[in-house]
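Engineer: For reference, the structure I am asking about is given below.
The values are calculated or read from the model by the stated rules, or taken from the named source; none is laboratory data. In this text the structure is predicted, and so the values were computed from the model without any measurement. Every residue, glycine among them, receives a Cβ derived from its backbone with ideal geometry; neighbour counts consider all protein chains shown.
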Amino acid sequence: MYICTAGFWVRTTNLSTYLVSAGHCAINGSVDFYHLPWDSEIPDVYIGSLVSYTTSGVDRGFILKQNDSISVHPIIRNTEDQEHPVLYIIGTTDLDVGSIDTLVCKSGYLGFRHVECAKVLAVNVTVKMGDQRYGGVVKVDHMGCDGNSGAPVYQYLEELLPNVLLVGMLMGGNNIFCVVVPIKLILTEDMHVITINDP
């Protein structure tokens, strides 16, 4: 079983609903995604198939919601925090040079801690991963990026908690830094992130 983390829900103008993950999670073509609870090894609920993905130029994939019994909620798991076990996506934010040295966090399946935060090292940079080059991405200090491709990356302000701003999606990394794909590179023109402000 290959594990990736699904990031956040998006909706298109024709009302199709997708869960975002990394494109490279489709190892040999479209794959089915199942919900795998934290600290479990047994998938329990079918979500849908990764029906659209790319790893050229930008690493992104879209899992079509194909199970009517699952609900769409603009939330991020933060279960290890007793005060705020669920975080609510209230919007998105673009990181710029003023964001360097600020904190971003990820919520992923693998790792000693599912939720980890790290400092932003650089924005709008080009990195080489495998045989591909990716431009316009964000480099952050290492925060458990191995096996958490597709994880949501967000920023928070203490006074807004449990509400957070979505920054993008974890693409991967190494032992030194992680690479984040910003929202503006993930979304297509007919797509928006589902937030708690959606009807």
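Engineer: Out of (1) part of a loop (DSSP other than H, G, I, E, B); (2) in contact (Cβ under 8 Å) with a residue 24 or more places away in the chain; (3) β-branched (V, I, T), what's the single condition that is false for I47?
Structural biologist: The one condition I47 does not meet is (1).
Engineer: Moving on to the next point. Pick from V86, V51: which is surrounded by fewer than 17 Cβ atoms within 10 Å (Cβ to Cβ) and outside the structural domain of L161 (by TED's automatic domain parsing)?
Structural biologist: Selected residue: V51, the only one of V86, V51 that is surrounded by fewer than 17 Cβ atoms within 10 Å (Cβ to Cβ) and outside the structural domain of L161 (by TED's automatic domain parsing).
Engineer: Also, quick follow-up: Of all strands (runs of 3 or more DSSP E) completely enclosed by region 155-199, which ones contain at least 2 residues that are crowded, with 17+ Cβ neighbours inside 10 Å and touching a Cys at 6+ places or on another chain (Cβ under 6 Å)?
Structural biologist: The strands (runs of 3 or more DSSP E) meeting that bar are 163-173.
Engineer: So, one more: With in contact with a Phe, Trp or Tyr (Cβ under 6 Å, 6 or more places away or on another chain), touching a residue at least 40 places away in the same chain (Cβ under 8 Å) and of a type in the set (A, V, I, L, M, F, W, C) as the only criterion, which of V138, V180, V167 stands out?
Structural biologist: Testing whether each residue is in contact with a Phe, Trp or Tyr (Cβ under 6 Å, 6 or more places away or on another chain), touching a residue at least 40 places away in the same chain (Cβ under 8 Å) and of a type in the set (A, V, I, L, M, F, W, C) leaves just V167.
Engineer: Looking at region 98-112 only, could you name the residues that are more than 14 Å from I76 (Cβ to Cβ) and out of contact with any strand residue (DSSP E or B) (no Cβ under 6 Å at 6 or more places or on another chain)?
Structural biologist: Within region 98-112, G98, L110, G111, F112 qualify.
Engineer: Out of curiosity, is E41 part of a loop (DSSP other than H, G, I, E, B), in the same structural domain as Y156 (by TED's automatic domain parsing) and at pLDDT below 95?
Structural biologist: Judged against the criteria, E41 is not a match.
Here is a yes/no grid of residues against (1) under 23 Å from I186 (Cα atoms); (2) at pLDDT 90 or above:
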position	(1), (2)
L36	no, no
V51	yes, yes
E83	no, yes
A118	yes, yes
K128	yes, yes
